[in-house]
């Protein structure tokens, strides 16, 4: 049985997700309301990684890409999404219908204020959103993020492959 996965942040870039889940198939753009995107999940490199945060504002919306995954790929994804909470019944809007999907997030108590994403991570988020035709105003929010240069990884392989 296949699983639908809501990818936001860096996993929107199909090439990145295919490295993790070789059988993933993009289905289209989806969104979740009453949530906003935070970069308050601390990564292994101490930089900010994307996470969903529930909000009381009905105007808050996070866009992402819906992928179809096999069970084996979803188990592989669990290994990459370390320290995230897996939610198999997360509701998103896809093609005008509310559907339940798999996604990952961290608890609000674990969000760290002041974390800054690496430049390559931010650029992967932008590339994934562009590739899937997410609204330009939404992409601009990614582009406006403050980021920092990664001294250990100045030119990330996904960006080199995409010539970004």
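The values are calculated or read from the model by the stated rules, or taken from the named source; none is laboratory data. Fair warning: this is a prediction, and the values are worked out from it, not measured in the lab. Backbone-built Cβ (ideal geometry, glycine too); neighbour counts: all protein chains shown.
Among residues belonging to the stretch 112-126 that are under 16 Å from the mean Cα position of the chain (by Cα) and under 19 Å from residue 53 (Cβ atoms), point out the one that is surrounded by the fewest Cβ atoms within 10 Å (Cβ to Cβ).
Let us first name the residues in the stretch 112-126 that are under 16 Å from the mean Cα position of the chain (by Cα), namely 116-126.
After this cut, where a residue has to be under 19 Å from residue 53 (Cβ atoms) as well, the list is 116-117, 121-122, 125.
Numbers: 116: 15, 117: 26, 121: 25, 122: 24, 125: 26.
Applying the filter and picking the extreme gives 116.
Do we have residue 128 as modelled with pLDDT of 90 or more and not in a helix (DSSP H, G or I) here? Let's see the steps before the verdict.
On the way: modelled with pLDDT of 90 or more: yes; not in a helix (DSSP H, G or I): no.
In short, no.
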> What number of residues within the stretch 132-152 are without any contact (Cβ under 8 Å) to a residue 24 or more places away in the chain, under 18 Å from residue 33 (Cα atoms) and either in contact with a strand residue (DSSP E or B) (Cβ under 6 Å, 6 or more places away or on another chain) or outside any helix (DSSP H, G or I) (or both)?
Replying inline: 0
> residue 77 fails exactly one of the following numbered conditions: (1) touching a strand residue (DSSP E or B) at 6+ places or on another chain (Cβ under 9 Å); (2) within 17 Å of residue 20 (Cβ to Cβ); (3) surrounded by fewer than 21 Cβ atoms within 10 Å (Cβ to Cβ). What is the number of that condition?
Replying inline: (3)
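I need the full set of residues from the stretch 127-139 which are under 23 Å from residue 43 (Cα atoms) and surrounded by fewer than 22 Cβ atoms within 10 Å (Cβ to Cβ), in order please.
So in the stretch 127-139, the residues under 23 Å from residue 43 (Cα atoms) come out as 127-129, 139.
Of everything in the stretch 127-139, just one residue is under 23 Å from residue 43 (Cα atoms) and surrounded by fewer than 22 Cβ atoms within 10 Å (Cβ to Cβ), namely 139.
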> Taking the stretch 35-66, which residues are free of Cβ contacts under 8 Å to residues at least 24 places away in the same chain and either surrounded by 22 or more Cβ atoms within 10 Å (Cβ to Cβ) or in a strand (DSSP E or B) (or both)?
Replying inline: none
